[in-house]
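K.L.:
First, the structure itself, so that you have it in front of you.
The values are calculated or read from the model by the stated rules, or taken from the named source; none is laboratory data. Values in this document were obtained by computation on a predicted structure and should not be read as measured data. Ideal geometry is used to build each Cβ from the backbone, glycine not excepted, and the neighbour counts take in all protein chains shown. Please note that ligands, DNA and RNA were not included when accessible areas were found on the heavy atoms of the full protein model with its side chains. Shrake-Rupley method; radii C 1.70, N 1.55, O 1.52, S 1.80 Å.
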Amino acid sequence: MQLTATPINGVERFFDQPKLHRDAESIGATKALKSALNASTEAMHAAFVDKADIRTLIYGRAWVIDQLLRFAWKQFDWPEDGQLSLIAVGGYGRGELHPHSDVDILILMDNLDPTDFEASISGFLTLLWDVNLDIGSSVRTLEECYNEARGDITIATNLVESRTLVGDEKLRERIYEQVTSEEAWSDAGFFKAKLKEQTDRHSRTNNTEYNLEPNIKNSPGGLRDLQTIGWVAKRHFGATYIKDLVEHGFLTDTELEQLSRGEMYLWRARYALHMKSNRREDRLLFDHQRTLAGFFGYEDNESALAVEQFMSQYYRIAKRMSAFNDMLLQYFDEAILRADVEQEVRQINSRFVVRDDYLAAAYPTVFEHNPFALMELHVIMAQHPEIKGVRASTIRLIRNHRHLIDDDFRKDIRNTSLFMELLRSPERVSTELKRMNRYGILGRYLPEFGKIVGQMQHDLFHIYTVDAHTLKVIQMMRQFRHRDYRDVFPIAHRVVNNIPKIELLYVAGLYHDIAKGRGGDHSELGAVDVMDFCQRHHLSKWDAELVAWLVKSHLFMSMTAQRKDISDPEVINSFAKRMGDVTHLDYLYVLTVADINATNNELWNSWRASLLRQLYTETRRALRRGLENPIDREERIEQTQHEALSALERQHIDTERAKALWARLGDDYFLREDGKAIARHTQAIIEHSNKPLPLIMLSQNTFRANEGATEIFIHTEDSPNLFAATVAALDQLNLSVQDARIIVTDNGYTLNTYTVLTEDNHPLSENPDYLQSIYDYLFEQLDDPEDYPEIIQRRVPRQLKLFPMKTSATLSSDSGVNQTVLEVFTADRPGLLSRIGNIFSQFGIVVHKAKIANVAERVEDFFYITDADHQALTDPDYCNRLTDAICKELDEHMH
């Protein structure tokens with residue numbers, strides 16, 4: 001169904017009918033049709049590049065295919081008694097075709113035996129396939145069509161959109177009347193089925209217009225949403241064009257124009273996508289995004305890449321089309337499902353009423369006379385969870401009056417008070433903020449938020465636009481309150497239900513990324529913006545400073561947990577000083593966990609959860625103890641050894657042998673491991689003393705049901721290649737190393753602990769056979785580390801290849817110990833740690849500790865290393881050669 005009736009005058013220039021007939025006589029029908037199709041496609045592509053009206057190309061291609069199919073049809077013998085027709089259905093029946101769209105056809109019969117002309121049907125379809133048309137075909141009688149359509153809304157919809165190409169039009173009219181009858185699909189049944197179809201389709205694309213690689217046809221706000229409006233309108237109103245909805249009062253002329261512009265944009269994008277990919281491709285994959293950005297003339301600038309500008313425009317259009325879809329389907333719901341239902345009207349106040357569980361303006365000029373009602377509506381929705389939604393007529397009033405939100409509106413005490421009242425509401429806070437964004441209210445009320453609407457970041461780390469991510473952060477904060485989330489997010493659940501002013505957390509969530517895309521430090525700039533917000537909304541000085549501190553510090557907790565050694569008391573003490581008190585710690589913890597979970601579904605895993613839990617717990621303990629009385633290293637070591645000795649005594653282990661073993665270890669071991677782990681390691685080493693090495697133990701380092709990882713403890717004779725051999729073996733087992741703690745005794749034996757997860761970011765299964773297979777493989781590989789396994793060769797995923805970030809390797813000294821810190825920032829890929837380990841072996845590097853942080857497509861790894869004599873790296877030439885070798889190896893591997 002088209003938005004408007006558009007003539008396709010001049011389309012004949014894309015198709016030379018006489019030449020087709022001449023070629024058919026000289027080279028045969030197949031080659032002639034193929035030549036005509038290719039010539040038409042090339043001519044249309046050239047016209048598209050020359051910025052021809054996209055409607056001419058989309059409708060024109062359907063017209064060209066009509067001519068080709070009619071010519072092909074004539075090459076075969078068919079009955080001439082009006083009992084058979086060739087019918088275009090679906091998008092083709094609508095008269096719309098993109099370069100690689102399916103050409104859906106129906107051969108419709110009445111009282112015929114298809115076997116009588118099976119050869120003609122087979123020959124016709126084979127000819128079309130030989131011509132390289134993407135044909136979707138069916139051969140059915142009227143009765144078969146009707147029965148199939150009754151049980152399948154997709155078939156029914158295809159038949160609603162149909163045109164006769166060859167044969168008696170009356171056949172198509174008969175099936176149309178049957179399929180649109182109340183017996184097949186009632187108005188209400190058809191509408192409900194299409195609504196469910198859309199709901200299911202949206203759920204497959206995360207219910208957002210802002211997918212990282214959206215489907216231009218099927219994602220929310222895509223072409224299918226516009227087609228859904230057309231299908232329902234045609235079924236219920238008999239409308240030929242969406243413009244007919246203007247006459248029925250469902251659309252205004254202005255809205256029709258906006259819809260038309262949106263459809264034209266999506267058509268141009270889809271046409272370019274088909275043309276450039278040379279296939280039926282509706283997904284805006286990363287490489288296609290870049291190609292289309294260049295094709296449409298976008299260029300990189302200081303604030304955004306060309307591809308980011310292109311996708312931001314796409315997201316804004318999709319958001320607008322999705323809003324129209326919501327409004328019109330709401331109208332249809334009222335007109336189709338509740339047209340004959342007696343309305344139940346309940347007064348909320350002088351400005352709003354509830355009609356049949358939907359909020360409505362009490363009179364048409366309510367927003368004109370009371371602009372603050374634009375904000376009040378959302379507070380009412382939040383405070384009345386029994387209200388199902390907003391009536392379509394009121395949505396239109398909101399759209400038509402949102403221009404009233406200006407500086408005076410933003411300063412009005414009524415509006416600032418209402419917005420804070422919304423944030424303090426016990427229910428529907430995130431739902432109403434999303435509604436405000438969908439209606440275009442939030443970006444007008446908070447202009448700084450308006451600047452990030454549809455703003456994307458072209459990487460694998462941020463899978464949502466900035467505004468969608470921001471609102472998802474607040475949604476996560478809201479979900480933490482519920483009992484259903486207590487097991488998955490236990491600390492966040494407890495904290496969020498006890499912090500004194502929940503609205504301050506939401507304000508921090510709204511502003512934590514508000515300054516993205518401006519250049520400079522977005523945390524610093526966002527802190528300035530949020531202070532202005534707090535002053536405008538009359539928050540106290542203490543509240544404003546807390547919120548600004550949260551915005552400024554929102555990355556600090558995750559960076560500390562992932563990059564620092566949080567088993568070190570000095571790290572905890574330093575972090576605790578930055579927090580200052582438990583209140584700041586509580587707010588920051590919830591903001592951090594929400595931010596990670598709302599950024600990328602792959603970021604949050606059991607190990608990251610345990611790191612943040614450990615940092616939170618240790619910092620809270622330090623703050624309770626008092627910043628003036630910090631825990632020192634000696635005290636921690638003494639406490640840990642005491643716990644370990646007590647555990648060993650309970651197992652009847654000779655504690656003197658334990659102390660003798662410990663005497664050969666440095667302080668780091670007792671700082672990094674807890675008492676239970678030390679007791680477990682010590683007991684195993686003592687009991688294994690007369691057995692061959694390596695000693696390997698697998699244990700679950702699980703703090704809670706949904707937190708933790710698997711620890712692999714390895715005690716063996718030290719060798720230069722041990723680290724490289726170990727990580728290569730773990731890589732062969734498809735295990736992802738999250739943390740490595742390397743301890744070497746004075747007499748040359750290791751107590752190494754590797755924290756690992758499976759490829760899907762979970763601790764290892766506790767299946768005994770599975771764990772035994774891992775043990776056996778590691779034992780086999782590590783009994784001779786000099787013969788370590790080859791680096792696994794796995795294909796680098798498509799998306800990672802598109803973001804080949806240049807490797808950075810830097811060295812710095814660790815002031816606390818005689819070690820050098822190597823920082824490696826690079827693109828993630830299979831076998832990464834093995835390659836780094838191999839370079840360490842070549843350079844005689846000894847690894848003492850490793851912090852592994854995988855962030856979507858990026859890796860941020862920290863290695864604490866020395867030379868073979870356990871001395872920090874000081875030779876500048878040696879250091880340069882090491883970092884150059886790492887960068888060269890890792891960058892070459894990505895190509």
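K.L.:
Any idea which residue in the stretch 727-752 is nearest to Leu782 (Cα to Cα), counting only those that are of a type in the set (Val, Ile, Thr) and either open to solvent by 10 Å² or more (accessible area, probe 1.4 Å) or in contact (Cβ under 8 Å) with a residue 60 or more places away in the chain (or both)?
P.N.:
Only one residue fits best here, namely Val727.
K.L.:
Moving on to the next point. Give just the number: which of (1) under 17 Å from the mean Cα position of the chain (by Cα); (2) open to solvent by 20 Å² or more (accessible area, probe 1.4 Å) does Asn605 not satisfy?
P.N.:
Condition (2) is where Asn605 drops out.
Yes or no, residue by residue, for (1) under 21 Å from Ala594 (Cβ atoms); (2) touching a strand residue (DSSP E or B) at 6+ places or on another chain (Cβ under 9 Å); (3) modelled with pLDDT under 95; (4) open to solvent by less than 20 Å² (accessible area, probe 1.4 Å):
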position: Lys541; (1), (2), (3), (4): no, no, no, no
position: Trp549; (1), (2), (3), (4): yes, no, no, no
position: Ser553; (1), (2), (3), (4): yes, no, no, yes
position: Gln562; (1), (2), (3), (4): yes, yes, yes, no
position: Glu570; (1), (2), (3), (4): no, no, yes, no
position: Asn573; (1), (2), (3), (4): no, no, yes, no
position: Ala576; (1), (2), (3), (4): no, no, no, yes
position: Met579; (1), (2), (3), (4): yes, no, no, yes
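K.L.:
Can you find a residue in the stretch 454-476 that is of a type outside the set (Val, Ile, Thr), surrounded by fewer than 20 Cβ atoms within 10 Å (Cβ to Cβ), assigned to a helix (DSSP H, G or I) and touching a Gly at 6+ places or on another chain (Cβ under 7 Å)?
P.N.:
Checked against the condition, which is being of a type outside the set (Val, Ile, Thr), surrounded by fewer than 20 Cβ atoms within 10 Å (Cβ to Cβ), assigned to a helix (DSSP H, G or I) and touching a Gly at 6+ places or on another chain (Cβ under 7 Å), the stretch 454-476 yields no hits at all.
K.L.:
Tally time: how many residues in the stretch 350-404 are over 21 Å from Phe419 (Cβ atoms), of a type in the set (A, V, I, L, M) and at pLDDT 95 or above?
P.N.:
4
K.L.:
For the stretch 632-658, what are the residues that are farther than 30 Å from Met557 by Cβ and without any contact (Cβ under 8 Å) to a residue 12 or more places away in the chain?
P.N.:
Glu649, Arg650, His652, Thr655, Glu656
K.L.:
Has the stretch 702-709 got at least one residue that is over 29 Å from Arg633 (Cβ atoms), within 30 Å of the chain's Cα centre (by Cα), among the small types (Gly, Ala, Ser) and at pLDDT below 90?
P.N.:
yes
K.L.:
Which condition number does Tyr363 fail, the rest of (1) in contact (Cβ under 8 Å) with a residue 24 or more places away in the chain; (2) open to solvent by 30 Å² or more (accessible area, probe 1.4 Å); (3) more than 29 Å from Tyr315 (Cα to Cα) being met?
P.N.:
The one condition Tyr363 does not meet is (1).
K.L.:
When you scan the stretch 146-153, do you find a residue that is charged (D, E, K, R), more than 24 Å from Tyr331 (Cβ to Cβ), surrounded by 16 or more Cβ atoms within 10 Å (Cβ to Cβ) and without any contact (Cβ under 8 Å) to a residue 24 or more places away in the chain, even just one?
P.N.:
yes
K.L.:
Please list, ordered by residue number, the helices (runs of 4 or more DSSP H) wholly in the stretch 97-160 having 1 or more residues that are of a type in the set (A, V, I, L, M, F, W, C), more than 41 Å from the chain's Cα centre (by Cα) and farther than 15 Å from Trp73 by Cα.
P.N.:
142-151
K.L.:
Here's something else I'd like to know. Of the residues in the stretch 586-631, how many are without any contact (Cβ under 8 Å) to a residue 60 or more places away in the chain and not in a helix (DSSP H, G or I)?
P.N.:
Residues meeting the conditions: 5.
K.L.:
Taking into account only those residues within the stretch 833-863 that are of a type in the set (Phe, Trp, Tyr) and surrounded by 21 or more Cβ atoms within 10 Å (Cβ to Cβ), which is modelled with the lowest pLDDT?
P.N.:
Phe863
For every residue, the table says whether it meets (1) of a type in the set (A, V, I, L, M, F, W, C); (2) within 19 Å of Ser322 (Cβ to Cβ); (3) buried (at least 22 other Cβ atoms within 10 Å of the Cβ).
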site	(1), (2), (3)
Val232	yes, yes, yes
His236	no, no, no
Ile242	yes, yes, yes
Gly249	no, no, no
Thr254	no, yes, no
Glu257	no, yes, no
Ser260	no, yes, no
Met264	yes, yes, no
Arg268	no, yes, no
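K.L.:
Give all pairs with beta carbons closer than 8 Å in which a residue from the stretch 195-213 that is open to solvent by 50 Å² or more (accessible area, probe 1.4 Å) meets a residue that is aliphatic (A, V, I, L, M) and not in a loop (DSSP other than H, G, I, E, B); count only pairs at least 6 apart in sequence or on separate chains.
P.N.:
Pairs found: Leu195/Leu329; Glu197/Ile153.
K.L.:
Restricting to the stretch 298-312, give me the number of residues that are within 17 Å of Lys516 (Cβ to Cβ) and either open to solvent by less than 70 Å² (accessible area, probe 1.4 Å) or touching a strand residue (DSSP E or B) at 6+ places or on another chain (Cβ under 7 Å) (or both).
P.N.:
Number satisfying all stated conditions: 6.
K.L.:
A further question follows. Quick check on my filter: what residues within the stretch 79-118 are surrounded by fewer than 18 Cβ atoms within 10 Å (Cβ to Cβ) and among the hydrophobic types (A, V, I, L, M, F, W, C)?
P.N.:
Leu112
K.L.:
All but one of (1) closer than 15 Å to Lys234 by Cβ; (2) part of a helix (DSSP H, G or I); (3) in contact with a strand residue (DSSP E or B) (Cβ under 6 Å, 6 or more places away or on another chain) hold for Leu171; state the number of the condition that does not hold.
P.N.:
Exception for Leu171: condition (1).
K.L.:
Can you name the condition, by its number, that Arg163 falls short on among (1) within 15 Å of Trp73 (Cα to Cα); (2) not in a helix (DSSP H, G or I)?
P.N.:
(1)
K.L.:
Give the residue that is surrounded by the most Cβ atoms within 10 Å (Cβ to Cβ), with candidates limited to residues of the stretch 313-334 that are acidic (Asp, Glu) and farther than 15 Å from Arg399 by Cα.
P.N.:
Applying the filter and picking the extreme gives Asp333.
K.L.:
Restrict the check to the stretch 486-498 and report whether at least one residue is touching a Gly at 6+ places or on another chain (Cβ under 9 Å) and either open to solvent by less than 30 Å² (accessible area, probe 1.4 Å) or under 23 Å from Ile413 (Cβ atoms) (or both).
P.N.:
Taking every residue of the stretch 486-498 in turn, none turns out to be touching a Gly at 6+ places or on another chain (Cβ under 9 Å) and either open to solvent by less than 30 Å² (accessible area, probe 1.4 Å) or under 23 Å from Ile413 (Cβ atoms) (or both).
K.L.:
While we're on this one: Determine which single condition Gln75 fails, assuming it passes every other condition in (1) part of a helix (DSSP H, G or I); (2) open to solvent by 20 Å² or more (accessible area, probe 1.4 Å).
P.N.:
(1)
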